[in-house]
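Structure first, then comments.
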Amino acid sequence: FALLEHFGDILELSPELSWNRRFLTEISYRPVTVLLSRRSFLPLEQWLEMADLVACKGRARVILLETGSRASKGLSVDLQTIIDAQRLSSYPLIVNCFAAAQNWSYVEQFAAAMIGAGVDGTQLQVEGDVLQSQPGADRTLYGDYFLPLTKRLQALRATLNATELMKRQGGSNR
(Lines give C-alpha, C1' and ligand atoms only; values in the text may rest on other atoms or scores of the structure.)
Protein backbone atom coordinates (compact mmCIF):
# COMPACT_ATOMS: atom_id res chain seq x y z
CA PHE A 1 0.00 0.00 0.00
CA ALA A 2 2.94 2.36 0.59
CA LEU A 3 3.80 2.43 -3.12
CA LEU A 4 0.19 3.13 -4.01
CA GLU A 5 -0.07 6.01 -1.53
CA HIS A 6 3.08 7.64 -2.94
CA PHE A 7 2.83 6.88 -6.65
CA GLY A 8 -0.72 5.90 -7.56
CA ASP A 9 -3.98 7.77 -7.88
CA ILE A 10 -6.37 4.89 -8.47
CA LEU A 11 -6.29 1.27 -7.41
CA GLU A 12 -8.27 -0.96 -9.78
CA LEU A 13 -9.57 -4.16 -8.21
CA SER A 14 -10.67 -7.08 -10.32
CA PRO A 15 -13.84 -9.00 -9.47
CA GLU A 16 -11.69 -12.01 -8.60
CA LEU A 17 -10.84 -10.21 -5.34
CA SER A 18 -14.49 -10.12 -4.28
CA TRP A 19 -14.01 -13.14 -2.03
CA ASN A 20 -11.12 -11.57 -0.08
CA ARG A 21 -13.01 -9.63 2.62
CA ARG A 22 -9.89 -9.02 4.72
CA PHE A 23 -8.09 -7.33 1.81
CA LEU A 24 -11.15 -5.22 0.95
CA THR A 25 -11.53 -4.11 4.56
CA GLU A 26 -7.81 -3.23 4.75
CA ILE A 27 -8.21 -0.97 1.73
CA SER A 28 -11.03 0.87 3.51
CA TYR A 29 -8.46 2.33 5.93
CA ARG A 30 -6.46 3.90 3.07
CA PRO A 31 -7.09 7.34 1.53
CA VAL A 32 -7.27 6.03 -2.02
CA THR A 33 -9.69 5.97 -4.94
CA VAL A 34 -10.69 2.40 -5.74
CA LEU A 35 -12.06 1.37 -9.12
CA LEU A 36 -14.09 -1.82 -8.61
CA SER A 37 -14.36 -3.79 -11.83
CA ARG A 38 -17.30 -6.03 -12.54
CA ARG A 39 -17.63 -8.79 -15.09
CA SER A 40 -20.72 -10.81 -15.89
CA PHE A 41 -19.83 -13.63 -13.50
CA LEU A 42 -19.99 -11.27 -10.49
CA PRO A 43 -23.58 -10.73 -9.34
CA LEU A 44 -24.68 -7.14 -8.74
CA GLU A 45 -25.27 -7.77 -5.03
CA GLN A 46 -21.73 -9.07 -4.54
CA TRP A 47 -20.27 -6.11 -6.50
CA LEU A 48 -22.11 -3.62 -4.29
CA GLU A 49 -21.10 -5.57 -1.18
CA MET A 50 -17.47 -5.26 -2.32
CA ALA A 51 -17.98 -1.51 -2.67
CA ASP A 52 -19.49 -1.23 0.80
CA LEU A 53 -16.56 -3.15 2.33
CA VAL A 54 -14.04 -0.86 0.66
CA ALA A 55 -15.96 2.27 1.73
CA CYS A 56 -16.84 1.08 5.26
CA LYS A 57 -14.20 3.10 7.14
CA GLY A 58 -14.82 6.25 5.14
CA ARG A 59 -11.29 6.76 3.83
CA ALA A 60 -11.42 5.05 0.44
CA ARG A 61 -13.47 6.54 -2.40
CA VAL A 62 -15.23 3.93 -4.54
CA ILE A 63 -16.01 4.08 -8.26
CA LEU A 64 -17.87 1.19 -9.88
CA LEU A 65 -16.54 0.03 -13.27
CA GLU A 66 -18.73 -2.13 -15.51
CA THR A 67 -16.66 -3.97 -18.11
CA GLY A 68 -19.39 -6.10 -19.63
CA SER A 69 -19.13 -9.71 -20.60
CA ARG A 70 -17.14 -11.35 -23.37
CA ALA A 71 -19.95 -12.29 -25.74
CA SER A 72 -19.26 -13.27 -29.32
CA LYS A 73 -21.13 -10.27 -30.74
CA GLY A 74 -19.88 -7.54 -28.36
CA LEU A 75 -22.16 -4.84 -26.93
CA SER A 76 -22.60 -7.08 -23.96
CA VAL A 77 -23.28 -4.81 -21.00
CA ASP A 78 -26.41 -5.67 -19.08
CA LEU A 79 -28.37 -2.40 -19.01
CA GLN A 80 -30.57 -3.67 -16.18
CA THR A 81 -27.47 -4.15 -14.02
CA ILE A 82 -26.42 -0.55 -14.69
CA ILE A 83 -29.88 0.77 -13.83
CA ASP A 84 -30.05 -1.34 -10.67
CA ALA A 85 -26.53 -0.33 -9.57
CA GLN A 86 -27.51 3.35 -9.90
CA ARG A 87 -30.76 2.76 -8.02
CA LEU A 88 -29.24 0.68 -5.20
CA SER A 89 -26.04 2.64 -4.53
CA SER A 90 -24.66 6.15 -4.46
CA TYR A 91 -21.28 5.18 -5.92
CA PRO A 92 -20.24 6.76 -9.22
CA LEU A 93 -20.56 4.30 -12.10
CA ILE A 94 -18.45 4.24 -15.24
CA VAL A 95 -18.44 1.81 -18.16
CA ASN A 96 -15.38 0.58 -20.05
CA CYS A 97 -16.73 1.14 -23.54
CA PHE A 98 -14.03 -0.67 -25.46
CA ALA A 99 -14.14 -3.77 -23.28
CA ALA A 100 -17.91 -3.89 -23.63
CA ALA A 101 -18.15 -3.01 -27.32
CA GLN A 102 -15.09 -5.16 -28.18
CA ASN A 103 -14.57 -3.30 -31.45
CA TRP A 104 -13.50 0.30 -32.11
CA SER A 105 -16.20 0.72 -34.75
CA TYR A 106 -18.87 0.40 -32.01
CA VAL A 107 -17.23 2.43 -29.27
CA GLU A 108 -18.75 5.82 -30.08
CA GLN A 109 -22.31 4.52 -30.36
CA PHE A 110 -21.86 2.39 -27.27
CA ALA A 111 -20.42 5.26 -25.22
CA ALA A 112 -23.27 7.54 -26.36
CA ALA A 113 -25.80 4.90 -25.29
CA MET A 114 -24.17 4.56 -21.88
CA ILE A 115 -24.15 8.35 -21.40
CA GLY A 116 -27.82 8.35 -22.38
CA ALA A 117 -28.43 5.63 -19.79
CA GLY A 118 -27.04 7.98 -17.15
CA VAL A 119 -23.67 6.50 -16.27
CA ASP A 120 -21.30 8.90 -14.55
CA GLY A 121 -18.47 8.32 -16.97
CA THR A 122 -17.08 6.29 -19.83
CA GLN A 123 -13.67 4.71 -19.96
CA LEU A 124 -11.90 4.35 -23.30
CA GLN A 125 -9.13 1.80 -23.00
CA VAL A 126 -6.57 0.53 -25.47
CA GLU A 127 -5.12 -2.94 -25.02
CA GLY A 128 -2.62 -5.07 -26.86
CA ASP A 129 -2.62 -4.83 -30.63
CA VAL A 130 -5.81 -2.80 -31.02
CA LEU A 131 -3.90 0.02 -32.71
CA GLN A 132 -2.10 -2.31 -35.09
CA SER A 133 -5.37 -3.95 -36.14
CA GLN A 134 -6.87 -0.71 -37.49
CA PRO A 135 -5.86 0.86 -40.82
CA GLY A 136 -4.12 4.17 -40.15
CA ALA A 137 -4.24 3.38 -36.45
CA ASP A 138 -1.08 5.32 -35.66
CA ARG A 139 -3.17 8.49 -36.20
CA THR A 140 -6.60 7.16 -35.29
CA LEU A 141 -6.36 7.15 -31.52
CA TYR A 142 -4.98 10.66 -31.35
CA GLY A 143 -6.20 13.68 -33.30
CA ASP A 144 -8.01 11.89 -36.10
CA TYR A 145 -10.36 9.86 -33.92
CA PHE A 146 -9.89 10.08 -30.17
CA LEU A 147 -10.03 13.85 -29.63
CA PRO A 148 -13.12 14.41 -31.83
CA LEU A 149 -14.76 11.40 -30.18
CA THR A 150 -14.22 12.77 -26.69
CA LYS A 151 -15.52 16.19 -27.77
CA ARG A 152 -18.69 14.62 -29.21
CA LEU A 153 -19.25 12.57 -26.05
CA GLN A 154 -18.65 15.62 -23.83
CA ALA A 155 -21.16 17.63 -25.90
CA LEU A 156 -23.72 14.84 -25.57
CA ARG A 157 -23.23 14.71 -21.80
CA ALA A 158 -23.51 18.51 -21.51
CA THR A 159 -26.73 18.50 -23.54
CA LEU A 160 -28.26 15.74 -21.45
CA ASN A 161 -27.20 17.47 -18.23
CA ALA A 162 -28.70 20.78 -19.40
CA THR A 163 -31.94 19.03 -20.39
CA GLU A 164 -32.14 17.35 -16.99
CA LEU A 165 -31.49 20.65 -15.22
CA MET A 166 -34.23 22.39 -17.25
CA LYS A 167 -36.67 19.61 -16.34
CA ARG A 168 -35.89 20.02 -12.64
CA GLN A 169 -36.10 23.83 -12.71
CA GLY A 170 -39.15 24.07 -14.92
CA GLY A 171 -41.14 21.32 -13.31
CA SER A 172 -43.83 19.84 -15.53
CA ASN A 173 -44.91 22.87 -17.56
CA ARG A 174 -45.68 20.80 -20.64
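The values are calculated or read from the model by the stated rules, or taken from the named source; none is laboratory data. The shown structure was predicted, so the numbers you read here are calculated from the model rather than taken from an experiment. Here the Cβ positions follow ideal geometry from the backbone for every residue, glycine too, while neighbour counts run over all protein chains shown. The accessibility values were calculated without ligands, DNA or RNA, using every heavy atom of the protein model including side chains. Shrake-Rupley method; radii C 1.70, N 1.55, O 1.52, S 1.80 Å.
Just how much of D78 is accessible, in Å², when a 1.4 Å probe is used and the result is rounded to the nearest 10?
About 80 Å², rounded to the nearest 10.
Using 0.36 nm per residue, how much length does the chain from R87 to W19 gain when fully extended, once their Cα-Cα distance is taken away?
On the way: separation 68, 0.36 × 68 = 24.48 nm, distance 2.39 nm.
Taking R87 through W19 to full extension adds about 22.1 nm, to one decimal.
I need the calculated FRET efficiency for the pair K151 and E26, taking r as the beta carbon distance and R₀ as 45 Å, to the nearest 0.05.
Numbers: r = 40 Å, r/R0 = 0.90.
Step by step, r from the Cβ atoms, then E = 0.65.
When the chain is fully extended, how far beyond the present Cα-Cα distance does E12 get from T33, taking 0.36 nm per residue of separation? All intermediate terms of the calculation are to be shown ahead of the outcome.
Working: separation 21, 0.36 × 21 = 7.56 nm, distance 0.86 nm.
Working it through step by step, the gained length comes to 6.7 nm.
On full extension of the chain, what length is gained from R59 through L79, given 0.36 nm per residue of separation minus the C-alpha to C-alpha distance? Write out the running numbers ahead of the final one.
Working: separation 20, 0.36 × 20 = 7.20 nm, distance 3.00 nm.
Stretched fully, the R59-L79 segment lengthens by 4.2 nm.
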